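Structure first, commentary second.
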Amino acid sequence: MKMIEVQHLCKEYKRKIVQPGLIGGVKGFLTPQFDNFCAVDDINFQIERGESVGYVGPNGSGKSTTIKMLSGVLTPTSGKIIVDGIEPIKKRIQNNKQIGVVFGNRSQLWWDVPIIESFRVLQRLYEIPKPIFDENIEKFRDILGLEKLLNVPERQLSLGQRMRCNITAAFLHNPKIVYLDEPTIGLDAESKQRIRAFIKQMNEEKKTTFIVTSHDFQDIEALCKRIILINKGKIVVDSDMEHIRKEFTEFKRITVEVKKNAVEMARSSKAAGMNVKVVDDYHLEIIYRPEEKNPMEIMVELGKYGEIVDISITGQDIESIIQRIVTENNKDRR
Ligand SMILES: Nc1ncnc2c1ncn2[C@@H]1O[C@H](COP(=O)(O)OP(=O)(O)OP(=O)(O)O)[C@@H](O)[C@H]1O
């Protein structure tokens, strides 16, 4: 059985039509008119237990709407969602016990009470047995560095400290699935690292299934092997990160270490028509399109102008690849 199955899922929102001008405004107020806006448009995917999937797309593409339907907060207009054998919207309580949700811009803790008290309320709500609760608090306290935070009310915590506490709250009941919507938004590099390491550890140790939405591609690269890209409500790509890198890379970069005279080598090879840039006295960089040239040919050609010590080849970063796919998809859909 799949952990998550989504079939022909659609969500339409009713939106008020705003008429231009003062008269339009008055008319709209007296006799409001609405149209249906399709935020999620016939999407399908399946996720296995223990997978960690990056759900990415531009602003307004339908990510949060999907997550809200998966977590049972929003009712789909049509289509079907099965999460660990149940329909979230029909069995909300059962669904809530098996999922954890982290929204980067919202808290599930109580503002004025010490963090540990908020955790105790959640313990009662989720009916977490005491040994499991104690074990998790101890473990998460160490990994996420909560020692000094547990007796402080949320209102006195920084954004990063608050996020670490919210992540703990989402994992207290050992959920099978965790939805993370922008989990590192606004955090500094160290807090981001800590949170990513924690999520990774949970994925490996407990086989927790993750869906992560983030505009920070370092989150996606660190946490996810698979990417689902949504644009204007439709899935555009659903594939392994590695496959996306290979399939959609437009150009690659070779960094070459040379024995001497990098500037001279660049000048001569440029004169022979090569696209070579000087990085420093001992390094050159060449950008090429994989479908036009192969790296061996490039190295043989460059080797005519000086001695090569070492090379490394890198592809485009995943963020620019995704941006390009979205731009192409927008052109196709115009
Ligand atoms: N309650 C609502 N009523 C009407 N339209 C809505 C509502 N919620 C979302 N939308 C619209 O649905 C579309 C998808 O919104 P959604 O929040 O799912 O996007 P998103 O991909 O999560 O965006 P972001 O990256 O900015 O968070 C947007 O055009 C948004 O304006």
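Determine, yes or no, whether Ile185 is under 30 Å from Glu328 (Cβ atoms), surrounded by 22 or more Cβ atoms within 10 Å (Cβ to Cβ) and within 16 Å of the ligand (Cβ to nearest atom). Steps first, please.
Working: under 30 Å from Glu328 (Cβ atoms): yes; surrounded by 22 or more Cβ atoms within 10 Å (Cβ to Cβ): no; within 16 Å of the ligand (Cβ to nearest atom): yes.
Criteria not met by Ile185.
I need every pair where a residue in segment 181-209 that is of a type in the set (Phe, Trp, Tyr) has its Cβ under 6 Å from the Cβ of a residue that is surrounded by fewer than 20 Cβ atoms within 10 Å (Cβ to Cβ), sequence separation at least 6 or different chains.
Sorted first by the residue in segment 181-209, then by its partner, the pairs are Phe198/Ile143.
Would you list the strands (runs of 3 or more DSSP E) that sit entirely within segment 136-246 and hold 3 or more residues that are within 11 Å of the chain's Cα centre (by Cα), over 18 Å from Ile67 (Cβ atoms) and of a type outside the set (Lys, Arg)?
Ranges flagged: none.
Taking the condition without any contact (Cβ under 8 Å) to a residue 60 or more places away in the chain, assigned to a helix (DSSP H, G or I) and loosely packed, with under 14 Cβ neighbours inside 10 Å, does Glu291 pass?
Spelling it out, it is not the case that Glu291 is without any contact (Cβ under 8 Å) to a residue 60 or more places away in the chain, assigned to a helix (DSSP H, G or I) and loosely packed, with under 14 Cβ neighbours inside 10 Å.
Starting from segment 46-69, keep only residues that are in contact (Cβ under 8 Å) with a residue 12 or more places away in the chain and under 21 Å from Ser320 (Cβ atoms), then list their pairs with residues that are in a helix (DSSP H, G or I) and not β-branched (Val, Ile, Thr) whose Cβ atoms are within a distance under 6 Å, requiring at least 6 positions of separation or different chains.
Taking only residues 6 or more apart or on different chains, the pairs are Tyr55/Lys63; Gly57/Lys63.
When the residues of segment 16-42 are filtered to those that are part of a strand (DSSP E or B) and either at pLDDT below 95 or out of contact with any helix residue (DSSP H, G or I) (no Cβ under 7 Å at 6 or more places or on another chain) (or both), which remaining residue is nearest to the ligand (Cβ to nearest atom)?
So the residue we want is Phe37.
Quick check on segment 1-14: of everything there that is charged (D, E, K, R) and either in a loop (DSSP other than H, G, I, E, B) or closer than 17 Å to Lys68 by Cβ (or both), which residue is farthest from the ligand (Cβ to nearest atom)?
Across segment 1-14, the extreme among qualifying residues is Lys2.
Return the residues of segment 12-69 that are under 30 Å from Gln201 (Cβ atoms) and surrounded by fewer than 16 Cβ atoms within 10 Å (Cβ to Cβ); say none if nothing qualifies.
Matches in segment 12-69: Gln46, Glu48, Arg49, Gly50.
Find the residue count for segment 294-324, including only residues that are assigned to a helix (DSSP H, G or I) and either surrounded by fewer than 16 Cβ atoms within 10 Å (Cβ to Cβ) or at positive phi (or both).
Final tally of qualifying residues: 10.
The values are calculated or read from the model by the stated rules, or taken from the named source; none is laboratory data. As the structure is a computational prediction, the values presented were derived from the model and not from experiment. As a convention, Cβ positions derive from the backbone with ideal geometry for all residues, glycine included, and neighbour counts pool all protein chains shown.
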